[in-house]
Amino acid sequence: MMNSRVFIITLVSCIIASTRAYDPDALQDLCVADKSHGTKLNGFPCKETSNITSSDFFFAGISKPAVINSTTGSAVTGANVEKIPGLNTLSVSLARIDYAPGGLNPPHTHPRATEVVYVLEGELEVGFITTANKLFSKTIKIGEVFVFPRGLVHFQKNNGKSPASVLAAFNSQLPGTVSVAAALFAAEPALPEDVLTKTFQVGTKMVDKIKERLATKK
């Protein structure tokens, strides 16, 4: 257990130290996010120093498995600037992903960050697809690491009969997530139907069926 903790700390430290940050660089020691401020910025305005507390740097939400109630069989718990205001301008965040047996974290991208996952429990099939449509995939188990380069479509699937979980580290305080299926079939306002039928070479009935199924997941 201690070795796992040391590895996780080292993993996050390496991302901070060696990865080029895509978030704005900090110009002071602390810029705790003031999410109640009405000003719109690329990031968040800083809290007054006198209002900063230790709680701004703490989050217990990834200390235990999440309740999984999605149809895909996975749950993502972010530990980013929205949950930890003290991460503002620090260009780093975490997430815990839990998977039921057979659970899938569907194909998606993170437009603002590279992701590194460390397996806490179970065994997962993971992979990403390059802009040349080449798939790089691997089966990873407890203590092993896999990298998803920034912006590329990737996935994780638990093919086992027991639960699995990973800790994910990002070189952004708010990496963002674009789900491929939801972006195409559940956008608001909706994509023109002829764009989808021509792209996937299917009829309107199939498109409507997919939209209906994705709508029930909201």
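If you rank V126, V145 by how much accessible surface each has, with a 1.4 Å probe, what is the order from largest down?
These residues rank, largest area first, as V145, V126.
Filter K35/K138; K64/K141; K157/K209; K141/K211 down to the pairs with a C-alpha to C-alpha distance above 30 Å, please.
Correct reply: K35/K138; K141/K211.
Could you tell me whether the stretch 49-176 comes out rounded, prolate or oblate from its Cα gyration tensor? Rule is a ≥ b ≥ c as square roots of the eigenvalues, rounded for a/c under 1.5, then prolate if a/b exceeds b/c, otherwise oblate.
Taking the square roots of the gyration eigenvalues as a ≥ b ≥ c, the stretch 49-176 is oblate.
Just to be sure I understand the rule: take each whole DSSP H helix in the chain, project its Cα atoms onto its long axis, keep it if the span is 30 Å or more and its mean Kyte-Doolittle hydropathy is at least 0.0. Which ones pass?
TM-like helix candidates: nothing returned.
Order the following by accessible area, largest value first: S93, S50. Probe radius 1.4 Å; ligands, DNA and RNA are ignored.
S50, S93
Under the classification rounded if a/c is under 1.5, otherwise prolate if a/b is larger than b/c and oblate if not, where does the stretch 106-194 fall, given a ≥ b ≥ c as square roots of the Cα gyration tensor eigenvalues?
Verdict is prolate for the stretch 106-194.
What do you get when you divide the Cα radius of gyration of the stretch 175-218 by 2.2 N^0.38 Å, with N the number of residues?
That works out to 1.15 for the stretch 175-218.
Exactly which GluC sites (Glu not before Pro) in the stretch 48-144 are in a DSSP loop and have at most 15 other Cβ atoms within 10 Å?
Those that pass, being in a loop and sparsely packed, are E48, E82, E144.
Quick one: accessible surface of S91, probe radius 1.4 Å, all protein chains present, in square angstrom to the nearest 10.
10
Taking all protein chains together and a probe of 1.4 Å, list C46, C31 from the most accessible to the least accessible.
C46, C31
How large is the Kirkwood hydrodynamic radius of the chain, counting all unique pairs of alpha carbons, in Å?
Every distinct Cα pair counted, the radius reaches 19.0 Å.
How many percent of all Cα-Cα pairs in the stretch 37-98 sit more than 12 Å apart?
Counting every Cα pair in the stretch 37-98, those more than 12 Å apart make up 72 percent.
Return the carbon/sulfur percentage of the accessible area of the chain, one whole number, probe 1.4 Å, all protein chains in place.
About 58 percent, which is the carbon plus sulfur part of the accessible surface.
Hey, with R₀ at 22 Å, roughly what FRET efficiency would V147 and L214 work out to, going by the Cβ-Cβ distance, to 0.05?
After rounding, the FRET efficiency stands at 0.15.
The values are calculated or read from the model by the stated rules, or taken from the named source; none is laboratory data. What you are looking at is a predicted structure, and each value in this text was computed from that prediction instead of being measured. Using ideal geometry, Cβ is built from the backbone for each residue, glycine included, and neighbour counts are taken over all protein chains shown. Note: accessible area is taken over every heavy atom of the protein model, side chains too, but ligands, DNA and RNA are not part of it. Shrake-Rupley method; radii C 1.70, N 1.55, O 1.52, S 1.80 Å.
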